[in-house]
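Q: Here it is, the structure, as structure tokens.
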Amino acid sequence: KLIMQAALLSQAKEALKKYFGYDTFRPMQAEIVQSVLYQRDTLVLMPTGGGKSVCFQIPAMVMEGLCVVISPLIALMKDQVEGLKANGIPASFLNSTQNTQELAITENLAYRGEIKLLYVSPEKLMTPGFINFLKKLKISLFAIDEAHCVSTWGHDFRPEYTQLGALREYFPHIPIIALTATADKLTRKDIVQLLKLNEPEIFIASFDRPNLSLTVMPAQNRFGLIQRFLRNHPRQSGIIYCLSRKGTEDLAEKLQNEGFNAAFYHAGMTAEERNLTQEAFINDQTQIICATIAFGMGIDKSNVRWVIHYNLPKNLESYYQEIGRAGRDGLKSDTLLFYSYRDVLTLREMITSNQNPNTEVQLMKLERMQQFAEAQICRRKILLSYFNEDLLHNCNNCDVCRNPPAWFDGTVVAQKALSAVARTNEKVGMSMLIDILRGSARKEIIEKNYDQIKTYGAGKDISIADWQQYLLQLLQLGLIEVAYDEGNTLKLTEASKQVLFGNRKVNLVQMSVILQKNQEKKEE
Ligand code: ADP
Ligand code: ZN
């Protein structure tokens, strides 16, 4: 068996060269391909552009039978399949936009074993007729792309994805690989549970994009600041994300009036208009696109030099994904986020007026987005710790690092808080923790014997408001986590253990400094 597996791996390397022209796998790709070839269920968290597709396309070429790829991006399926065919990979797709004849042709190809990859939409896949059809075939692998869509914790929940859990029952012995560019812990947990992955191997690639500079500015006089920004980036391609369709049109017009080469893009345009706009941007005929979030999915343009958020994104996943459209070529690129409290209110209203099952989650995510914008610690640290990644040093490529506030050594403050989290067995939320630290004699504290723990009252000298700020900073530094699925209780992380054991220093910003900075921002 070992010899067989070794043979498969060398075939995989050959296939990478033959079909894609690459000499080597990226480090994590090799391990992922190996996991799939060994028939393990596999979960892959990798940022956009990291190279997820190869992780199932190569096994598909090496393994016997048909790999079924589930993707919600119907609009992109055709292009994806054509790209594969151009590389000599026999592939096809099935979705609701095709007529009966087209469907029949593809089903025939699959039946005769003439294709290796079949892209299908989740709703098509889960029809009883289609499952029965697949049962007659030799299936090598199920690849579930954009797997975060299964989770209401994710930023792009799709009800039709929840049915995919039944795949495991219909095909108990066929390995599943689930892939996503969303990496938060709760989404990850959901993917494993809801897709019923069987002891999956989990691969998490780094989400750091060090070539992207991160800047947040108050939204007052946005238009003036944008013009200045554009003059500092002459002839460089970029995207300005706006909240509303009308917003994109207005901004594009204002920019045109100032002599800039700008166009707008949103989902209210016809498919033809959108294609033309997109093409003009990709071919560098249009320099600036003012767009809603509808723009960017599946657009492969490596030399986008900057991304501006005219409005606050609704969560950090979206923000990360949208700034990630800049600098795919690895060269230095700039991102700028305009923050206004008005946007927070607008977004909050949009979320609560929606009849979604996950309103609470979305509000919580919006709050994290807002905290990011208001923060006075390295923005990259906050962003990466949100994705459960520990960045040890300040990045020196964000506005906070470039213009740092006065930090003080907050190691002891952090140790007091973390020790209280540990001694309450990670079962309390933020306000209870503060009460314990400040030695409150509240009934619940006495009942649960929290007044007996060593850190009870150890933080009396710090006000409630200051503690709230410090705990928020610890959260943003990845030194505590909030378990949103366990009543918002506070949890320790790997990094916080280093602090508790005295192996790591913590710098915090004093509350007064934060108040002052926010005041300055308001005045600007
Ligand atoms: P994702 O699906 O994670 O967004 P893709 O699979 O589209 O990423 O890959 C991003 C880019 O990286 C593509 O242009 C792809 O051809 C390229 N790529 C993938 N694997 C390798 C590799 N091993 N060596 C070089 N380039 C690679
Ligand atoms: Zn930084």
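Q: Can you bin the range 215-366 into rounded, prolate or oblate? Criterion: square roots of the alpha carbon gyration tensor eigenvalues sorted a ≥ b ≥ c, rounded for a/c under 1.5, prolate for a/b above b/c, oblate for the rest. Please list the in-between numbers first.
A: On the way: a/c = 1.56, a/b = 1.41, b/c = 1.11.
Prolate shape, in that a/c is at least 1.5 and a/b is the bigger ratio.
Q: Would you list, by chain and number, the aspartates and glutamates whose Cα falls below 17 Å from the Cα of residue 443, excluding same-chain residues fewer than 8 positions away?
A: Filter leaves 435, 451.
Q: Mind giving me the FRET efficiency for residue 173 and residue 460? R0 is 45 Å, r the Cβ-Cβ distance, nearest 0.05 is fine.
A: 0.15
Q: Further question: Could you sort out which of 185/381; 85/196; 454/497; 381/416; 135/196; 185/365 sit more than 24 Å apart by Cα distance in this structure?
A: With Cα atoms farther than 24 Å apart: 85/196.
Q: Work the Kirkwood hydrodynamic radius out for the range 422-521: mean of 1/r over every pair of different alpha-carbon atoms, inverted, in Å.
A: Here the Kirkwood hydrodynamic radius works out to 14.6 Å.
Q: Let me ask something additional. Based on the alpha carbon coordinates of the chain, what radius of gyration and maximum Cα-Cα distance (Dmax) apply, in Å?
A: That works out to 25.2, 76 Å for Rg and Dmax.
Q: Could the peptides 468-474, 245-251 be put in order, highest first, of the mean number of other beta-carbon atoms found within 10 Å of their residues?
A: Peptide ranking by packing, descending: 468-474, 245-251.
Q: Then there's this: With a Cα-only, solvent-free Debye model of the range 321-389, what are the log10 I(q)/I(0) values at q = 0.12 Å⁻¹?
A: -0.42
Q: Taking other Cβ within 10 Å of each residue's Cβ, how do 68, 120 sort, fewest first? The partial results should precede the final answer.
A: On the way: 68 27, 120 21.
The fewest-first ordering by Cβ neighbours comes to 120, 68.
Q: Ranking 184, 451 by Cβ neighbours within 10 Å, fewest first, what do you get? It would help to have the intermediate numbers written out before the result.
A: Numbers: 184 23, 451 15.
The most exposed by this proxy come first: 451, 184.
Q: Per 5 Å bin from zero, what fraction in whole % of the C-alpha pairs of the range 379-447 is there, up to the bin with the longest pair?
A: 3, 13, 16, 17, 17, 13, 11, 6, 3, 1
Q: Could I ask something else about it? Loop-only check: which trypsin sites (Lys or Arg not before Pro) in the range 1-83 are DSSP coil with at most 13 other Cβ within 10 angstrom?
A: Taking the range 1-83 and a limit of 13 other Cβ atoms within 10 Å, the loop trypsin sites (Lys or Arg not before Pro) found are 1.
Q: Highest mean first, how do 378-386, 212-220, 21-29 rank when packing is the count of other Cβ atoms within 10 Å averaged over residues?
A: Result, highest mean Cβ count within 10 Å first: 378-386, 212-220, 21-29.
Q: While we're on this one: Which of the three applies to the range 294-425, rounded, prolate or oblate, going by the alpha-carbon gyration tensor with a ≥ b ≥ c and a/c under 1.5 meaning rounded?
A: Oblate, since a/c reaches 1.5 and b/c is not below a/b.
Q: Next question. As an exercise, identify the GluC sites (Glu not before Pro) in the range 1-105 lying in DSSP coil whose Cβ has no more than 14 other Cβ atoms within 10 Å. Don't skip to the answer; put the middle values down first.
A: On the way: sites: 14, 31, 64, 82, 102; in loops: 64.
Taking the range 1-105 and a limit of 14 other Cβ atoms within 10 Å, the loop GluC sites (Glu not before Pro) found are 64.
Q: Kindly give the semi-axes, whole Å and largest first, of the ellipsoid equivalent to the range 91-182, taking each as the square root of 5 times a Cα gyration tensor eigenvalue.
A: 23, 15, 12
Q: Between rounded, prolate and oblate, where does the range 143-296 land on the alpha carbon gyration tensor, with a ≥ b ≥ c its root eigenvalues, rounded for a/c under 1.5, else prolate if a/b exceeds b/c?
A: Details: a/c = 2.83, a/b = 2.19, b/c = 1.29.
Here the range 143-296 falls in the prolate category.
Q: To check my understanding: the extent here is largest minus smallest coordinate of the Cα atoms along each principal axis. What are those three numbers for the range 211-275, in Å, largest first?
A: Answer, in whole Å and largest first: 33, 29, 24 Å.
Q: Sticking with this structure for a sec: What are the lysines whose alpha-carbon lies under 23 Å from the alpha-carbon of residue 78, with same-chain residues fewer than 8 places away excluded?
A: Output for residue 78: 18, 52, 116, 124, 301.
Q: Using only the Cα atoms of the range 256-316, what do you get for the radius of gyration and for Dmax, in Å?
A: 11.9, 33
The numbers here are math on the coordinates, done by the rules we state, and not lab data. Predicted model, so just to flag it, every value in this text is computed and none were measured. Cβ coordinates were reconstructed from backbone atoms using ideal geometry, including for glycine residues, and neighbour counts include every protein chain displayed.
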